[in-house]
Amino acid sequence: MINQIKTKFSDPDFKDLVVTNVVAIIAGILISGIMLLLIKINPIEAFSVATASVMSDKYTFAEILVKATPLIFTGLAFAFTYKANLFNIGAQGQFYIGTIVAVAISLSIGDVVPGFIGIIVVMALTIVAGAIYGGLIGLVKAKKGANEFLISMMSTYVAIAFMNFLLRTSLRETRGEYPQTDVIPESMRLPIIWGGTRLHLGFILAVLTAVTLWLILFKTPFGFRVRAVGNNASAAVQAGINSSKTTIITFAISGAMGALAGFLVVNGIQYMVIQGYYAEVGALGIGIAILANGNPIGVIFAALLFGGIQVIGIEMTMRAKTPTSFTYLMLGCVTLFVIISYYFRRVMKINRDKKKLVDGVSK
Amino acid sequence: MIDTLATALMMSTPLLYGAISEMFTERSGVMNTSIEGAFLMGAFGGFVGAYISGSLLIGFIFAIISGVLLTFIYGIVTVKYKQHQVVTGTALNILALGLATFLFRVIFGIPVIPLKVTPLQTIAIPLLSKIPFVGPIFFDQNLLTYIMYFIVPASFYVLYKTSYGLIIRSTGENPEAVDVAGVDVNRVRITMLLIAGAFCGIAGAFYSLTILGLFTSSIIGGRGWIAFAICFLGNWRPYGVLFGALAFGLAEAIGIRFMVMEGMVIPNEFFIALPYILTIILTITRNSFNIPAKLGVPYNKE
């Protein structure tokens with residue numbers, strides 16, 4: 001294992017990837033930290049107070065994993081299509097579809113079916129709903145050549161309107177006060193895996209799913225087809241790959257990922273649907289997938305980073321009185337710098353190749 | 001009825017500003033996917049400028065500066081550094097959200113009562129506004145809507161009848177030829193993005209300074225993306241864009257109208273979703289697109 005890591009790091013491309021990403025992340029946090037001076041908050045003090053509290057309190061520490069759980073899924077939702085050079089930016093809508101299905105099924109079968117079976121049923125139906133909602137985008141892309149970027153974006157707003165409609169009518173809480181659902185029965189909640197925290201089984205599920213998607217992408221013929229379509233669609237078709245089938249399945253898997261994020265939020269953390277909650281989970285998923293360069297395993301680490309930034313941001317708000325928007329400032333800066341680091345990585349690679357060429361000639 | 005149509009025209013104004021600017025950038029071969037963020041920065045900058053100075057004009061100037069700043073960063077990263085446009089846009093949209101909300105807090109602290117400015121008023125044009133039916137719809141609007149009437153023919157003229165328009169169109173279709181002719185491809189694209197930033201800034205400020213008179217972080221709520229879609233559905237042509245903007249403005253006006261009506265058979269959310277559903281249907285059903293050949297492809301000088 002250690003040897004494997006060593007060989008990975010001796011590969012200059014991988015080393016550049018790690019180094020430039022770390023520099024970009026630090027630069028992003030530094031720049032946003034400097035902006036704290038504008039509201040006369042000492043950024044170093046604020047950061048250290050927040051970090052100390054994350055490190056000393058297991059509840060807060062576990063929150064990083066809790067926040068990362070849905071982000072791993074929305075990250076995967078973007079990453080999987082990204083590998084096929086397709087753009088599913090509708091993870092937000094697929095997430096809301098997932099929350100609606102999860103809460104509706106949990107509420108209706110929660111008291112009838114025993115918990116364990118019930119949770120499996122809810123999860124399966126969420127996957128189906130997400131796969132259909134995402135797969136339809138793939139279908140029109142494959143059959144009609146429609147712009148998937150635009151359609152997935154629009155499908156989010158349709159899902160939001162649909163959710164708001166349900167929260168105003170049939171799914172509205174029995175008290176009828178707020179646009180939110182009732183709380184799901186206790187038997188339908190995912191078990192907590194770390195006592196005294198909110199960390200639930202969903203995190204394990206998220207990590208396993210990411211590993212599975214990685215295996216599918218890099219170790220199966222289907223994954224090869226996905227990447228072939230992504231690298232060069234016309235060449236893939238020439239080689240006999242059914243690109244429209246690949247597109248549809250890729251989008252269905254991607255949609256299922258978005259919906260699963262919703263399932264985990266409903267059955268794992270919130271136990272209900274509240275109008276407009278988690279409004280940035282889709283966009284952050286895109287940032288995470290970019291940070292990971294579309295690699296499912298990388299998505300886990302990137303999601304942990306984003307979860308960590310969110311928790312640090314919350315702690316800073318509580319202990320150092322920074323505004324809540326500061327979290328998004330950090331996330332936006334980090335993502336932007338990571339994108340810029342892609343450019344510098346390319347320049348470094350070109351320079352290295354040039355050097356190799358020059359060395360080769362002079363020998 | 002007349003009210004709804006007048007509202008429709010007003011609501012389509014910012015969409016048209018955004019979509020026309022998107023048309024110009026896409027014609028030059030680069031998508032402005034930071035459009036939602038540019039709208040938000042415009043709404044923010046416009047409100048700040050207007051609130052502090054007390055002048056709407058200064059507000060709109062601030063809006064232009066804020067929008068241009070965002071698209072400038074976008075242009076550097078996508079055109080100069082050649083990074084992926086969808087990906088960069090997403091990052092900038094998150095950043096714009098954080099930046100606008102954070103700076104709002106920096107400037108105003110936590111206000112006890114929501115801060116407001118007096119919105120841009122309508123100016124009834126003498127005589128013309130007295131024409132039955134047409135008058136109250138078209139000639140009792142605000143200044144920016146009046147300017148909108150001229151933007152479409154003007155952009156048609158620039159795009160198809162001037163030499164710079166030809167350069168813009170060629171940059172999107174055949175950048176190599178433009179390069180050979182001695183024109184800097186990247187400079188054309190960045191110029192288009194900066195102009196788009198100005199237009200999107202005004203469009204965003206339209207929400208904070210004309211429609212509402214206040215600023216919230218959710219003020220744009222996807223309207224930037226609607227403008228993005230309108231450019232697409234308008235087939236990258238000025239009059240197509242005009243038609244799209246009017247259709248979406250009308251859908252929005254109908255949504256507002258039904259929101260205040262009680263006991264509706266069709267739920268109000270349906271009308272809110274209608275523009276998005278329409279976009280999906282139109283995107284699927286249209287086959288012949290006038291899509292610029294090099295849209296989204298960075299130009300590499302060999």
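At-a-glance table
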read-out	value
Boolean, A:Ile269 is at pLDDT below 90 and either within 14 Å of chain B (Cβ to nearest Cβ) or touching a strand residue (DSSP E or B) at 6+ places or on another chain (Cβ under 9 Å) (or both)	no
Residue among A:Phe95, A:Phe116, A:Phe73, A:Phe80 that is hydrophobic (A, V, I, L, M, F, W, C) and either in a loop (DSSP other than H, G, I, E, B) or surrounded by fewer than 22 Cβ atoms within 10 Å (Cβ to Cβ) (or both)	A:Phe116
Members of segment A:174-184 found to be in contact (Cβ under 8 Å) with a residue 24 or more places away in the chain, surrounded by fewer than 22 Cβ atoms within 10 Å (Cβ to Cβ) and either within 14 Å of A:Ile248 (Cα to Cα) or not polar (S, T, N, Q) (or both), listed by number	A:Tyr178, A:Pro179, A:Asp182, A:Val183
Among (1) crowded, with 23+ Cβ neighbours inside 10 Å; (2) more than 19 Å from the chain's Cα centre (by Cα); (3) small (Gly, Ala, Ser) - the single one A:Gly202 does not satisfy	(2)
Pairs where the first residue, in segment A:135-149, is touching a residue at least 12 places away in the same chain (Cβ under 8 Å) and farther than 18 Å from B:Cys231 by Cβ and the second is of a type in the set (Gly, Ala, Ser) and surrounded by 18 or more Cβ atoms within 10 Å (Cβ to Cβ), C-beta under 7 Å, 6+ apart	A:Gly135/A:Ala252; A:Gly135/A:Gly255; A:Ile137/A:Gly90; A:Ile137/A:Ser152; A:Ile137/A:Ser155; A:Gly138/A:Ala252
Matching option when the condition is surrounded by 17 or more Cβ atoms within 10 Å (Cβ to Cβ), away from chain B (no Cβ under 14 Å) and out of contact with any strand residue (DSSP E or B) (no Cβ under 8 Å at 6 or more places or on another chain), among A:Lys58, A:Lys67	A:Lys67
Those residues of segment B:120-159 which are in a loop (DSSP other than H, G, I, E, B) and of a type in the set (A, V, I, L, M), in sequence order	B:Leu120, B:Ile125, B:Leu127, B:Ile131
Members of segment A:138-182 that are part of a loop (DSSP other than H, G, I, E, B) and facing another protein chain (nearest Cβ under 9 Å)	A:Gly145, A:Ala146, A:Asn147, A:Thr169
Residues that are surrounded by fewer than 24 Cβ atoms within 10 Å (Cβ to Cβ) and at the interface with another protein chain (Cβ under 7 Å from one of its Cβ atoms), drawn from segment B:72-81	B:Tyr81
Where a residue in segment B:266-282 is within 8 Å of chain A (Cβ to nearest Cβ) and its partner, wherever it lies, is not in a helix (DSSP H, G or I), with Cβ under 9 Å and at least six apart	B:Pro267/A:Thr169; B:Tyr276/B:Gly222; B:Ile280/A:Ala146
Residue count, segment A:46-65 (criterion: under 17 Å from A:Ile29 (Cα atoms) and not hydrophobic (A, V, I, L, M, F, W, C))	2
Sole residue being more than 10 Å from chain B (Cβ to nearest Cβ), surrounded by fewer than 18 Cβ atoms within 10 Å (Cβ to Cβ) and touching a residue at least 12 places away in the same chain (Cβ under 8 Å), chosen from A:Gln310, A:Gln275	A:Gln275
Qualifying residue in segment B:56-70 (condition: within 14 Å of another protein chain (Cβ to nearest Cβ), touching a residue at least 60 places away in the same chain (Cβ under 8 Å) and either of a type in the set (Val, Ile, Thr) or crowded, with 20+ Cβ neighbours inside 10 Å (or both))	yes
Search result, residues across segment A:294-307 that are in a helix (DSSP H, G or I) and within 12 Å of another protein chain (Cβ to nearest Cβ)	A:Phe306
Unmet requirement for B:Gly221, which otherwise passes all of (1) closer than 23 Å to B:Phe150 by Cα; (2) modelled with pLDDT under 85; (3) small (Gly, Ala, Ser)	(1)
Extreme residue, farthest from the other protein chains (Cβ to nearest Cβ), among residues of segment B:95-110 that are without any contact (Cβ under 8 Å) to a residue 24 or more places away in the chain and of a type in the set (A, V, I, L, M)	B:Ile110
Conditions (1) more than 17 Å from the chain's Cα centre (by Cα); (2) closer than 28 Å to B:Ala253 by Cα; number of the one not met by B:Val79	(2)
Selection from segment A:338-352 of residues that are of a type in the set (Ser, Thr, Tyr) and more than 8 Å from chain B (Cβ to nearest Cβ)	A:Ser341
Lone unmet requirement of (1) modelled with pLDDT under 95; (2) assigned to a helix (DSSP H, G or I) for B:Val48	(1)
Single condition A:Asn232 does not satisfy, out of (1) at pLDDT below 90; (2) surrounded by 15 or more Cβ atoms within 10 Å (Cβ to Cβ)	(2)
A:Ile34 vs. criteria within 14 Å of chain B (Cβ to nearest Cβ) and modelled with pLDDT of 90 or more	yes
Selection from segment B:82-93 of residues that are touching a Ser or Thr at 6+ places or on another chain (Cβ under 6 Å) and facing chain A (nearest Cβ under 9 Å)	B:Val86, B:Thr88, B:Ala91, B:Leu92
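So that you can scan it fast, the table gives a plain yes or no per residue for (1) within 19 Å of A:Ala77 (Cα to Cα); (2) under 21 Å from the mean Cα position of the chain (by Cα):
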| position | (1), (2) |
| --- | --- |
| A:Val281 | yes, yes |
| A:Phe301 | yes, yes |
| A:Ala320 | no, no |
| A:Val334 | no, yes |
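The values are calculated or read from the model by the stated rules, or taken from the named source; none is laboratory data. Computed from a prediction, not measured in an experiment: that's the story for all the values here. Please note: Cβ atoms are built from the backbone with ideal geometry, for glycine as well, and neighbour counts cover all protein chains shown.
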